Amino acid sequence: MISLKSNFISLSLTVLIGATLITTACKKEKRQVTDPVKTLLGGWNAVPVEANYERRLYFGSDGSFMTAFTYHNNGDVSITSFSGTYFIKGDSLKVTIKETSEQHGNSPAVKTQSNIQLYEKATYSINGSFLMLNYITYPADGPVLTQIKFTRELPD
């Protein structure tokens, strides 16, 4: 009886050690998960750059959002900016504008409070240093799927 019990213990230990070796050897390498919000953070410039016109976006780590449109016309500069918040769910992007600021030339900026959606039904994708925004616009003839491409701003 004693030899049968010791054989069972030896066999059990051998199976346990073998199973442990197999499971540790076959462990999959953990992939680093990239938080999509972190990849969106920072400044972005619209491309291609148009003569006399610039468009920039900024996504803050605190959920803040800002976009600015700068137009140069015969030495005068007009800047329209929107600031607010953004929220991401999957590849969907929801931007809510809380304040609009407009400044023409040397005139003081005029600020207006608001609560409007920017980039209706927007989705986004990032490929390397490029951000693609897809959203709905409403020209005179009805809703149109619109796409804008941005490149990441390099830090100073």
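Using a probe of 1.4 Å, the accessible surface attributed to Leu93 totals some 10 Å² when neighbouring protein chains are kept in position. For Val47, the residues whose amide H sits under 5 Å from its own are Lys149, Phe150, Thr151, ignoring neighbours fewer than 5 places away on the same chain, with H placed 1.01 Å from N. Calculated FRET efficiency, Tyr71 to Val47, Cβ-Cβ distance, R0 = 22 Å: about 0.80 to the nearest 0.05.
The values are calculated or read from the model by the stated rules, or taken from the named source; none is laboratory data. On a predicted model such as this, the values are computed, not experimentally measured, just so you know. All Cβ positions, glycine included, derive from the backbone under ideal geometry; neighbour counts span all protein chains shown. Calculation scope for accessible area: heavy atoms of the full protein, side chains included, ligands and nucleic acids excluded. Shrake-Rupley method; radii C 1.70, N 1.55, O 1.52, S 1.80 Å.
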